[in-house]
Amino acid sequence: MAKKAKTARKAKTAKRTAKKTARSGGRTPRAIPLRFAHPFFTDTPVADRAVSARTSTTSLAQFAADKLGIVPPPTRDPLMELKEIIGQPGTDEIQHAGAIKFHVIGDTGRQGGDNSPQEQVAEAMTGDYDPAAGGQNPALLIHLGDVIYGHDKSKQYRDEFYRPYMKYPGKIIAIPGNHDGETFKATDPVSLQEFRNNFLRAKRTGSQHRGRRPYFPGNHDTARRLLDAVGAVCEHHRPLFQYR
């Protein structure tokens, strides 16, 4: 008798589960939202944590190392002076003006989309420059990352970067984002390869990208030190690669 009652309860539970599944259209239940954006915002030591279902790791540092690679060690002081980018005369003009202006953008290289919004933004920023304005001009443009999304990054730079900023007169400094460093076995096997090719090389063979070139401060070695400096800042402040 007890066995029959137990079997009946199981059958009722199964029916209720089936009804819930039917009402949800057979979809997997949504994951419970995290309280914080950082999945490891906790004072629990790494060794005592359970493996996160979202990252399959016990720390964001390990997740970043697995997915994004290791930050290269810095080769120079991470602090970079403005005169290294726009020269001493330009820096003096800004100091004389008493204020500095600069443009900041990010997440611009959305693959397969309409580029006209990005071109409109670039055109508006270009309008902020005046050859006669001296130190009132923006000092430079800082790209905060994700210049290019997705596969075949080498083929996307022309339309996703060079074309929109072809007429932009200011220097462009870029910080690589996670999508700039993502890898795909068939098309982009080396992390940051195309970012380095397009932002760190003073000269490029052939004529794949005509027109606008990103700024190389001085020469190839100086430009490479810029990326190293960015890595050093990351290493010092731990904003990505050393999250707990």
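The values are calculated or read from the model by the stated rules, or taken from the named source; none is laboratory data. In this text, all values refer to a predicted model and were calculated from it rather than measured experimentally. Neighbour counts run over all protein chains shown; Cβ positions are idealised from the backbone, glycine included.
The single condition among (1) at pLDDT below 90; (2) buried (at least 17 other Cβ atoms within 10 Å of the Cβ); (3) assigned to a loop (DSSP other than H, G, I, E, B) that Ala232 does not meet is (3).
Given the criterion at pLDDT 50 or above and either in contact with a strand residue (DSSP E or B) (Cβ under 6 Å, 6 or more places away or on another chain) or farther than 25 Å from Lys101 by Cα (or both), identify the matching residue among Thr187, Thr205.
Numbers: Thr205 fails: at pLDDT 50 or above.
Result of the check over Thr187, Thr205: Thr187.
Summed over the stretch 150-203, the residues that are touching a residue at least 40 places away in the same chain (Cβ under 8 Å), part of a strand (DSSP E or B) and in contact with a Lys or Arg (Cβ under 7 Å, 6 or more places away or on another chain) give a count of 0. When each of Ala97, Ala139, Ala132 is tested for being surrounded by fewer than 14 Cβ atoms within 10 Å (Cβ to Cβ) and modelled with pLDDT of 95 or more, the lone residue that passes is Ala132. Note on the stretch 36-70: residues that are outside any helix (DSSP H, G or I) and charged (D, E, K, R) amount to 3. When each of Ile100, Ile105 is tested for being farther than 17 Å from Gly87 by Cα and not aromatic (Phe, Trp, Tyr), the lone residue that passes is Ile105.
Quick check: anything in the stretch 20-39 modelled with pLDDT under 80, among the small types (Gly, Ala, Ser), surrounded by 10 or more Cβ atoms within 10 Å (Cβ to Cβ) and more than 23 Å from Gly181 (Cα to Cα)? I'd like the intermediate steps shown before the answer.
Taking the stretch 20-39 and keeping what is modelled with pLDDT under 80, we get 20-31.
Still in the list and also among the small types (Gly, Ala, Ser): 22, 24-26, 31.
Next, only the ones that are surrounded by 10 or more Cβ atoms within 10 Å (Cβ to Cβ) stay: 24.
Those left that are additionally more than 23 Å from Gly181 (Cα to Cα): 24.
So far as the stretch 20-39 goes, yes, one or more of its residues are modelled with pLDDT under 80, among the small types (Gly, Ala, Ser), surrounded by 10 or more Cβ atoms within 10 Å (Cβ to Cβ) and more than 23 Å from Gly181 (Cα to Cα).
In the stretch 108-134, the residues that are among the charged types (D, E, K, R) form Cβ pairs under 7 Å with partners that are modelled with pLDDT under 95 and assigned to a loop (DSSP other than H, G, I, E, B), at six or more places apart or across chains, as follows: Arg110/Tyr149; Glu119/Pro164. Determine whether the stretch 138-146 contains at least one residue that is over 16 Å from Gly170 (Cβ atoms) and within 23 Å of the chain's Cα centre (by Cα). Yes; the residues of the stretch 138-146 include at least one that is over 16 Å from Gly170 (Cβ atoms) and within 23 Å of the chain's Cα centre (by Cα). Scanning the stretch 102-111 for any residue that is at pLDDT 95 or above, in a loop (DSSP other than H, G, I, E, B) and touching a Gly at 6+ places or on another chain (Cβ under 9 Å) turns up at least one such residue.
Look at Pro73 and say whether it is of a type outside the set (A, V, I, L, M), part of a loop (DSSP other than H, G, I, E, B) and in contact with a helix residue (DSSP H, G or I) (Cβ under 7 Å, 6 or more places away or on another chain).
On the way: of a type outside the set (A, V, I, L, M): yes; part of a loop (DSSP other than H, G, I, E, B): yes; in contact with a helix residue (DSSP H, G or I) (Cβ under 7 Å, 6 or more places away or on another chain): no.
Spelling it out, it is not the case that Pro73 is of a type outside the set (A, V, I, L, M), part of a loop (DSSP other than H, G, I, E, B) and in contact with a helix residue (DSSP H, G or I) (Cβ under 7 Å, 6 or more places away or on another chain).
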